[in-house]
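Below: one structure, written as C-alpha cells.
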Amino acid sequence: MPEYSMYARVRHWPKRLLYTTITLIILLAAGVILVRQTYTINLRPVSNSTEQKVITVEPDASVSTISGELKRQGLIRQVWSFERYIRNNNLGTKLQAGTYKFSPSQSATDIAQQIADGKVAVDLVTILPGIRLTQIRDAFVKAKFDPPAVDMALEPTQYASSPALADKPIGASLEGFLYPDSYQKSANTDPKVIIQLSLNEMSEKLTPMLRAAYAKEGLSVYQAVTLASIVEQEVSNSSDRAQAAQVFLKRLSINMPLGSDVTAYYGSVAAGQKPSLTYDSPYNTLQHKGLPPGPISNVSQSSLNAVANPSNTDWLYFVAGDDGNTYFSHTIEEHEALTKQYCHKLCNL
C-alpha cells in the first residue's frame, strides 16, 4: 500500500504542476490585460467639460511636475498613465515650456502632444519665474507686441506709485519686480496694462508680514527681493531655498562675500559679455562683498518666503548638484568634497 501511494504521488505531481503553471499564466495574462485596459481608460478625457484651464510649463520642468499639475487641475485621470504615455512615445525631451490652455474634455494623449508641439495659448502673455527683464521683453515681443511699445511699457517711472516699488532706488529698472504669471491679452491690449497687472500681483505677494520679516533681517524690500532673486537662480528645488537663504544671510552678517556664481554671470551678460565668473562688475559677488546693486531676475513666492523665513540651520556653503538636489556644508573642505561628488556638469568639473 505505501508503495502504491508513493507511485500515485509521483505520477500525479506533474499534472498538479501543470495546472498551477497554467493558472499562474492565466492570472498573469489577465493582470496584463487589466493593466493595459486601465492604462487605456486613464488616457481618456476626464469629462466632457469644455472649461479651459491655464497651465504653465516652466523651462526644464520634469515630467512628474507636469503630470502632477495636470492631475491637480483635473485635466488627466492618473499621473502614472500620462507619464507612461510620455515614456512609451519618447516625448520626455520634446515637452516645451510655455503657457497652455486645456480642458477636461481633452484626452491625455492630446494634452501630451500639445505640449510636445509647443502649441501655447496665443491670447496669453506668460512671465516665467527666474528670468531677466531682457527675457521678459523678448516674451512680450514673441507675443506679437510692438517692440517700441514694450520698451515704453518697461520704463519704471510711470509706475512710481506702485507699492511694490516703494523703496526702489531712483534710476533702477523693473528688474526683479514683474511677478511671474500668465496674463490675458487681446489684439488691442497695451503692454503697460500687463506690466501694471504684474506689479499689482507683486504688491500682493509682498504682504505686510513679509515686509516685517525682511525688516527684522535688516533688509529693505528692495534688498530682500535682490536676495530672493539670487536664491531663485541658485536653487531649483523650492524646499531647499530657506536653507540657501540662511547661508546668504549668515554670510552677510559676518561680512563674507556671497560668492554666488549667478550674480557674476548676470553682471557679465548685462555688460554685453559672455557669461563669466571673472568679469569684474558690481554684480560679481565672488569679488565684491555685500548684495549686488539689484535683483538679477524675477522671483517666485517660494524665494520671497525663503528670505523672510530662513531655515534654523547654520550652514556656510552649498552646491547645486547635477541631480537637482542642493548639498549644504559647514566648512570649505566639506563643500569641496560635495562639489567633487555631486557637481560635474553644472560645475564644469
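Bear in mind these aren't lab numbers, they're just calculated from the coordinates by the rules spelled out. Small disclaimer: the values here were computed from a predicted structure and weren't measured. Here the Cβ is made from the backbone with ideal geometry for all residues, glycine too, and neighbour counts use every protein chain on show.
Here's the list of aspartates and glutamates a cross-link from Lys142 could span, going by alpha-carbon distance under 14 Å and ignoring same-chain residues fewer than 8 apart: Asp123, Asp151. Summing +1 for each Lys or Arg and -1 for each Asp or Glu among the other residues whose beta-carbon sits under 15 angstrom from that of Ala213 gives +3. Using C-alpha pairs under 8 Å with a sequence gap of at least 6, the mean separation divided by the residue count of the chain gives a relative contact order of 13 percent.
Here's the list of aspartates and glutamates a cross-link from Lys289 could span, going by alpha-carbon distance under 13 Å and ignoring same-chain residues fewer than 8 apart: Asp280. Once backbone amide H atoms are built at 1.01 Å from N, Asp181 has Ile127 as its partners under 5 Å, excluding neighbours fewer than 5 places away on the same chain. For the modelled label position 7 Å from the Cα of Val122 along Cα-to-Cβ, which residues of segment 131-161 have backbone nitrogen atoms closer than 19 Å? Output list for this probe position: 139-147.
Taking the number of Cβ atoms within 10 Å of each Cβ as an exposure proxy, the fewest-first ranking of Trp315, Trp80 is Trp80, Trp315. Length gained on full extension, Leu24 to Arg44: 4.1 nm, using 0.36 nm per residue less the C-alpha separation. Between Glu175, Glu232, Glu336, the residue with the greatest mean-square fluctuation in the GNM of the chain (Cα pairs under 10 Å linked by springs) is Glu336.
Calculate, in nm to one decimal, what Ser220 and Lys340 gain on full extension: separation in residues at 0.36 nm each, minus their alpha carbon distance.
Full extension of this stretch gives 39.6 nm more.
Once the Cα-Cα distance is subtracted from the 0.36 nm per residue extended length, the Met209 to Gln78 segment shows a gain of 43.4 nm.
In terms of other Cβ atoms within 10 Å, Leu27, Leu197 run from fewest to most in the order Leu27, Leu197.
Helix 2-42 axis versus longest C-alpha principal axis of the chain: approximately 30°, rounded to the nearest ten.
Label-to-label distance, Leu286 versus Leu91, with points set 7 angstrom from Cα along the beta-carbon direction: 4.0 nm.
To the nearest 0.05, how large is the calculated FRET efficiency for Asp322 and Asp151 if R₀ is 35 Å and r is the Cβ-Cβ distance?
For R0 = 35 Å, the calculated efficiency reads 0.40.
Within the shell of other residues whose beta carbon sits under 13 angstrom from the beta carbon of Arg241, the net charge comes to -3, with Lys and Arg scored +1 and Asp and Glu -1.
The angle separating the long axis of helix 63-72 from the principal Cα axis of greatest extent in the chain is about 90 degrees.
Which net charge results when you count Lys and Arg as +1 and Asp and Glu as -1 among the other residues whose beta-carbon is under 15 Å from that of Leu286?
The answer is -1.
Counting only lysines at least 8 places from Lys94 when in the same chain, those with an alpha carbon closer than 19 Å to its own are Lys119.
Mean residue ellipticity, 222 nm, helices only, the chain: the sum of -39500 (n - 2.57) across DSSP H runs of n ≥ 4, divided by residue count and rounded to 500, is -15000 deg cm²/dmol.
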